[in-house]
1. Given the conditions (1) among the acidic types (Asp, Glu); (2) under 27 Å from Asp24 (Cα atoms); (3) surrounded by fewer than 16 Cβ atoms within 10 Å (Cβ to Cβ), and given that Asp86 satisfies all but one, which numbered condition is not satisfied?
2. Name the single residue that is farthest from Asp39 (Cα to Cα) among those in the stretch 68-88 being in a loop (DSSP other than H, G, I, E, B) and either aliphatic (A, V, I, L, M) or in contact with an Asp or Glu (Cβ under 6 Å, 6 or more places away or on another chain) (or both).
3. Here is a list of conditions, (1) out of contact with any Leu (no Cβ under 6 Å at 6 or more places or on another chain); (2) closer than 18 Å to Asp36 by Cβ; (3) aromatic (Phe, Trp, Tyr), and Phe191 meets all of them except one; can you say which number that is?
4. In the stretch 165-192, which residue that is of a type in the set (Asp, Glu) and in contact (Cβ under 8 Å) with a residue 24 or more places away in the chain is surrounded by the fewest Cβ atoms within 10 Å (Cβ to Cβ)?
5. Just to verify a result, which residue in the stretch 37-63, among those that are among the hydrophobic types (A, V, I, L, M, F, W, C), buried (at least 17 other Cβ atoms within 10 Å of the Cβ) and closer than 13 Å to Met11 by Cβ, is nearest to the chain's Cα centre (by Cα)?
6. Is the stretch 70-79 home to any residue that is farther than 22 Å from Leu127 by Cα, touching a strand residue (DSSP E or B) at 6+ places or on another chain (Cβ under 8 Å) and either at pLDDT 95 or above or surrounded by fewer than 22 Cβ atoms within 10 Å (Cβ to Cβ) (or both)?
Amino acid sequence: MAYKILCPSIMCADFGSFRSEIADMDAAGIDQYHMDIMDGEFVPNFALSWADFAAVRKMTSKPLDAHLMVKVPSIHLPYAFKNGADIIYVHYESGNSAKYLQEIKLNGRKAGLAINPGTRIEEVQNLFPLIDTLLVMRVNPGFAGQSAVPEVEKKLAFLADMPNRKFSIRLDGCVSPDVISKWSARGIEEFVCGTASEMFGKKRGLRTYKEIVEKLR
């Protein structure tokens, strides 16, 4: 079974207690933070700003990823570089993916490609040599708390069985404890943890972050 890389989605955190949330998750042993940057155009929502990103960067030494759910990644990449993003995901559906992935690499960051549920693996396979991680959306991006798109399961099975894979796979969207258990057993390594994973049940008094992380491990 692969080691599980647990990446809390900061979009789901309690913004009223940001500093203590980050400190508690750090102490609980999470691996990375997943930072959703949304522009209201590529997805019908606004989420984290680059000011939020910069603030979190000052609060933790853990790796931060920037998930660019944006129509024009070229506008946002300089901010990702400036604010210390360790991994940067661009969506295939935004276009010009090869160009952006190469730019990310040239700036010394890990390059990630994100794909929506409706995007077929055949469309993106030529980009695999350029990436460090493939982020597979189990929901249509933009909002927390959605149900998974069933057709994504076949895509994940294909990726999990891919021989000589050189990149890691990250799941995002409706990632429950059962999903983590199932796909980590198949060799998928990374999981974005939001409301479905119970990561943010703490604010409802269900568990501490330490208890949640131990359960997910």
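The values are calculated or read from the model by the stated rules, or taken from the named source; none is laboratory data. For clarity, every value in this text was computed on a predicted model and none was experimentally measured. Glycine also receives a Cβ, built like all others from the backbone with ideal geometry; neighbour counts cover every protein chain displayed.
1. (3)
2. Going through the qualifying residues, I end up with Ala85.
3. (1)
4. Here the answer is Glu189.
5. In this case the residue turns out to be Ile37.
6. no
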